[in-house]
Amino acid sequence: MIITHLSSNPNFLITSPPNSRAHKTISNPSQATTRKCEYFDLHKEVIPYNKAWEWQKSIVKQRQCLIDLDQDCSDTLIILQHPPVYTLGAASSEEFLKFDRNNTCYDVYKTERGGEVTYHGPGQIVMYPIVNLRYHKMDLHWYLRTLEEVVIRVLSSTFCIKASRLEGLTGVWVGNQKLAAIGIRVSRWVTYHGLALNVTTDLSPFQHIVPCGIRNREVGSIMRLLEASSSPNGIGKDTISAQACQLLDITYKSLLKEFSEVFQLALYHKPICNMNLLEQNSPTCL
C-alpha cells in the first residue's frame with residue numbers, strides 16, 4: 001500500500017494499491033442517471049468515536065469489494081454527534097495539544113485522516129461521506145472545496161450567515177471564526193472521515209488545543225453567531241438557547257438538502273439497525 005501526501009494540503013491523504021483496478025474511471029458520469037446515496041441518520045445520537053470509525057472502515061472495505069466486482073452502485077453518508085473527544089490526523093503534531101495526552105479527561109484518537117488536532121462533542125453535527133470519486137470527480141481539491149460549499153450554502157440559505165473559505169486553509173469561516181473543520185482519507189478513490197459543523201457545541205474544549213494547527217484564529221458555532229446578531233427572522237437569544245435541539249434539526253435537514261444538491265445524489269434513508277450488521281458481516285475479498 002502506497003500512502004501519498006498530495007500537494008501541500010495536509011487535510012487529506014490518499015492511498016492506492018499497486019494494481020490497475022485502483023485507477024478505473026467512469027465514462028461520461030454526467031450523462032449517467034443520478035447516483036444513489038444511502039444515509040444513516042444518527043444526528044440526534046451521541047456515538048462513541050471509535051464505533052463510528054469502525055463503521056466507516058467496514059463500509060469502505062465493503063465498497064472496495066463491490067468496486068472489484070463492478071457492483072458499486074451507491075455512495076454512503078453517516079450523520080451523527082460524538083461525545084467529547086480529541087482526534088489527530090495521521091501526521092498531526094502533538095505540539096498543538098495544550099495538555100498531557102496521558103492525563104486528560106477526554107479520549108484522544110490518532111487517526112489516518114489528514115489534518116491536525118480537532119475536537120468533537122455534543123451539539124456538533126459530523127458528516128462522514130463515503131463517496132466513490134470515480135462517479136464524481138477524481139480530484140481531492142475539488143472534493144474538499146465541494147464539502148466546504150455544502151456548509152457555505154447551509155449557512156447562507158438557512159441562517160442568512162455569510163460564510164467563506166480562507167486562502168490556503170481548509171474549512172468554512174465566518175470572519176475570523178472557523179465553524180466547520182474538514183479532514184479526509186481517500187483509499188482507491190473512496191472517501192471517508194469528513195466534516196464537523198459546530199451548531200450548539202460547547203466551544204470551551206477547543207481552548208485546550210490549537211484547532212487544526214491554526215494559531216491566532218477562533219472557533220465559532222451557529223448558535224453563538226445567531227445569539228450575537230439580530231437575525232432577520234426575528235429569532236431572539238432566549239428563544240435560540242431554549243431551542244438548541246430544534247436548531248440541530250434545522251441544520252441537519254439543511255445539510256442533507258445541500259449535500260444532495262451539491263453532489264447530485266439521490267438520498268435514501270437506511271435503518272440504523274443496518275449499522276450493527278456491519279460489525280457482523282465484514283466482507284472478505286479474494
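The values are calculated or read from the model by the stated rules, or taken from the named source; none is laboratory data. Please read all numbers here as calculations on a predicted model, not as lab measurements. Backbone-built Cβ (ideal geometry, glycine too); neighbour counts: all protein chains shown. Quick note on the areas: whole protein, heavy atoms, side chains included, nothing else; ligands and nucleic acids left out. Shrake-Rupley method; radii C 1.70, N 1.55, O 1.52, S 1.80 Å.
Numbers at a glance
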{"read-out": "Scan of the range 183-222 for residues that are open to solvent by 10 Å² or more (accessible area, probe 1.4 Å), under 25 Å from Thr76 (Cβ atoms) and in contact with a Leu (Cβ under 6 Å, 6 or more places away or on another chain), ordered by number", "value": "Arg185, Trp189"}
{"read-out": "Residue in the range 67-87 that is at positive phi and acidic (Asp, Glu) present", "value": "yes"}
{"read-out": "Output for the range 67-120, where each listed residue is in contact with a strand residue (DSSP E or B) (Cβ under 9 Å, 6 or more places away or on another chain), under 21 Å from Val131 (Cβ atoms) and open to solvent by 50 Å² or more (accessible area, probe 1.4 Å)", "value": "Cys73"}
{"read-out": "Residue in the range 17-30 that is modelled with pLDDT of 50 or more, within 18 Å of Lys137 (Cα to Cα) and not acidic (Asp, Glu) present", "value": "no"}
{"read-out": "Whichever residue in the range 155-181 is of a type in the set (A, V, I, L, M, F, W, C) and open to solvent by less than 10 Å² (accessible area, probe 1.4 Å) and, among such residues, is farthest from Val117 (Cα to Cα)", "value": "Leu155"}
{"read-out": "Check on Val60, open to solvent by 60 Å² or more (accessible area, probe 1.4 Å) and either within 18 Å of Phe259 (Cβ to Cβ) or touching a residue at least 24 places away in the same chain (Cβ under 8 Å) (or both)", "value": "no"}
{"read-out": "Some residue of the range 194-206 being among the hydroxyl-bearing types (Ser, Thr, Tyr), closer than 19 Å to Phe259 by Cβ, modelled with pLDDT of 95 or more and touching a strand residue (DSSP E or B) at 6+ places or on another chain (Cβ under 7 Å)", "value": "no"}
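Residues are listed down the side, and each one gets a yes or a no for (1) over 15 Å from the mean Cα position of the chain (by Cα); (2) outside any loop (DSSP other than H, G, I, E, B); (3) of a type in the set (A, V, I, L, M):
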| position | (1), (2), (3) |
| --- | --- |
| Asp41 | no, yes, no |
| Lys44 | yes, yes, no |
| Thr87 | no, yes, no |
| Cys105 | yes, no, no |
| Val108 | yes, yes, yes |
| Glu112 | no, no, no |
